[in-house]
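First the structure, in the form of structure tokens, and then the observations on it.
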Amino acid sequence: MKRKVIEEKFFLVLMIISATLIVSIIVLILTSIIIKGFSSFNLAMVSQTPKGGYYLGKEGGILNAIIGSFYIAGGATALATALGIPVVMLMNVYLKADSKVSAVLRLCFDVLWGVPSIVYGAFGFTLMIFFGLKASLIAGIIVVSILILPIIIRAIDEISQTIPEGLFHASLSLGATKLETGFKVNAKQILPGILTAVLMAFGRAIGDAASVLFTAGYSDSIPTSLTDSAATLPLTIFFQLSSPIKEVQDRAFAAVLILTIIVLCISLLSRLLTNRHNKYKI
Amino acid sequence: MESNIKVRNLNVFYGATQALKNINLDIPNKQITAIIGPSGCGKTTLLKCLNRLIESTDEVNVTGQVYVDGEDIYSPKTEVTHLRKKMGLLSQKPYPLPMSIFDNVAYGPRLHGTTKKNELKSIVEFYLKEANLWDEVKDRLSSPASKLSIGQQQRLCLARGLAVQPLVILGDEPTSALDPQSSAYIEQMFLKLKADYSIILVTHILRQAKRIADYIVYMYDGEIIEHGEASDVLNHPKHPKTIEYVSGVIS
Ligand SMILES: Nc1ncnc2c1ncn2[C@@H]1O[C@H](COP(=O)(O)OP(=O)(O)OP(=O)(O)O)[C@@H](O)[C@H]1O
Ligand SMILES: [Mg+2]
């Protein structure tokens, strides 16, 4: 009896210590980013391009990287969603519930999810050399979309599996095709979940450096066509941090702050959508 | 006895286990046919064969024929959506679609080509009245169907099924999730609807079968043991298994 009480106490203390540790780490990271970031932040950073001298400590900003990142993450998310939804549909609407093909597909996507992004970057780079392409916006979009494809597919797939079979059958028995049922019933039932998955993937896409390092390239100007090379936020942070000039290094933290705020907003938004009651859900 | 639904030599295997054994049956038109029998005897399986929902189960094998209006529904030429449109389904638990009350009833007609707002409106009103739900929902047609009570949801599902103008209504224990009042509602509706539809009702409740069935099919272990006019089967069962079930079981 006595032993059990002590055991309980011991593990409770352990849990509290772990939780406190994690929260303090988060607070530490955020405050250091905010303090360091704010002190070197100015309006020019988000409204101007580097104009040549920025990385040497002169005037300018990282608007090119902000816009480049949004282009790449947005394009990749759109592409991955367009490719992912048919796959989810295949696994959950067309194939039978306990089909072996679905099981194999799920395993493949789980494996892909775990592949480090530099591997995708290297793979993309090899392909580009093979086809004689240069680093460009479109190459970045394609490689990042492959990176986030497993995230989108598995996240939507997981919530699709919560759709009751009876609902699916109800629609079929009214004479709907599987396609109609997929779009008009299944998608409606899990809409907030789909949006959450898409936002999650966008968050991952905008923060990843390794996949765009060789594929999107880097440019001081805002890309105007798909074949232009494009700057991204993670890479601009990398370049500024590796500069020997103190002022440039400090400004890297302002860029970190910008990226963090974007990612934070996206997670908050997706959390909001998940919690928001889906009015029509059965 | 006229029959538009004829089952011939139907066998169903789930993997290696046989769930239906050589079923032969004519379903009488515009009557209520009750399928009764102990749990696991294959009632749901038989019902699912009639609208081919059985095909969404993995590793299932169906042999034999089911004729609906003279057409073998398992022939490769048969379009499954066309068949299902003829066979309205009322499941054990109501599954309203994730949309408004109005859209639930309009779902089927929209699928099959009705798009005019006015036309849809009158269809929705007509079938909600038919299912005895109109007065309760007429002021909140645009609110989510999930907000209705279970009994109301089941009547909504009935209205939704009727709106595609089926020939047959299939019910798989459609009252078992409902309170007595809602069950009675559904039973009364079936009695009214049999003037226009053939109704096939799987039920565990022997008293329900006695109350509303015109024709009884008694199944045991994948086989049809006895079938015939309700009064005959219920009052003068011939087969020992039927006698045991009809006189003995708790209902
Ligand atoms: N998907 C399936 N896979 C394998 N076997 C199944 C499957 N569905 C049903 N069976 C088996 O087929 C037989 C008939 O099942 P069915 O659901 O038709 O019975 P039922 O008469 O409707 O029973 P209940 O009254 O309990 O609903 C049972 O032995 C059941 O275990
Ligand atoms: Mg059953």
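Filtered by the rule that a residue be more than 7 Å from chain A (Cβ to nearest Cβ) and not basic (K, R), the stretch B:69-81 gives B:D69, B:G70, B:E71, B:D72, B:I73, B:Y74, B:S75, B:P76, B:T78, B:E79, B:V80. Each residue in the stretch B:83-102 was checked for being within 16 Å of ligand 1 (Cβ to nearest atom) and open to solvent by 10 Å² or more (accessible area, probe 1.4 Å), and 4 pass. Going through (1) over 18 Å from the mean Cα position of the chain (by Cα); (2) at positive phi one by one, B:Q65 falls short only on (2).
Restricting to the stretch B:40-63, name every residue that is open to solvent by 60 Å² or more (accessible area, probe 1.4 Å) and away from ligand 2 (no atom under 13 Å from the Cβ). B:E55, B:E59, B:N61 - these are the residues of the stretch B:40-63 that are open to solvent by 60 Å² or more (accessible area, probe 1.4 Å) and away from ligand 2 (no atom under 13 Å from the Cβ). Selection of the stretch B:42-63 for residues being more than 14 Å from ligand 1 (Cβ to nearest atom) and part of a strand (DSSP E or B) yields only B:T63.
Take the conditions (1) at pLDDT 95 or above; (2) in contact with a Pro (Cβ under 7 Å, 6 or more places away or on another chain); B:M1 misses just one of them, which is (1). Counting only helices (runs of 4 or more DSSP H) that sit wholly inside the stretch A:1-97, those with at least 2 residues that are among the hydroxyl-bearing types (S, T, Y) are A:2-40, A:63-89.
Being free of Cβ contacts under 8 Å to residues at least 24 places away in the same chain, within 16 Å of ligand 2 (Cβ to nearest atom) and within 13 Å of chain A (Cβ to nearest Cβ) is not true of B:S91. Within the stretch B:64-82, can one find any residue that is within 16 Å of ligand 1 (Cβ to nearest atom) and open to solvent by 30 Å² or more (accessible area, probe 1.4 Å)? Scanning the stretch B:64-82 turns up no residue that is within 16 Å of ligand 1 (Cβ to nearest atom) and open to solvent by 30 Å² or more (accessible area, probe 1.4 Å). Here B:A106 fulfils each of the conditions (1) within 30 Å of A:K281 (Cβ to Cβ); (2) in contact with a helix residue (DSSP H, G or I) (Cβ under 7 Å, 6 or more places away or on another chain); (3) within 16 Å of ligand 2 (Cβ to nearest atom); (4) aliphatic (A, V, I, L, M) apart from (3).
All told, B:N22 meets the bar of being over 23 Å from A:L172 (Cα atoms) and more than 12 Å from ligand 1 (Cβ to nearest atom). Taking the stretch B:143-178 as the search range and keeping residues that are within 11 Å of chain A (Cβ to nearest Cβ) and among the hydroxyl-bearing types (S, T, Y), which one is farthest from ligand 1 (Cβ to nearest atom)? Going through the qualifying residues, I end up with B:S143.
Scanning the stretch B:26-49 for residues that are closer than 16 Å to B:G222 by Cβ and of a type in the set (A, V, I, L, M) turns up B:I35, B:I36, B:L46, B:L47.
Counting the residues of the stretch B:1-33 that are on the phi > 0 side of the Ramachandran plot and part of a strand (DSSP E or B) gives 2.
The values are calculated or read from the model by the stated rules, or taken from the named source; none is laboratory data. Small disclaimer: the values here were computed from a predicted structure and weren't measured. Here Cβ is always computed from backbone atoms with ideal geometry, including for glycine, and neighbour counts include all displayed protein chains. Remember, those area values only see protein heavy atoms, side chains included, never the ligands or the DNA or RNA. Shrake-Rupley method; radii C 1.70, N 1.55, O 1.52, S 1.80 Å.
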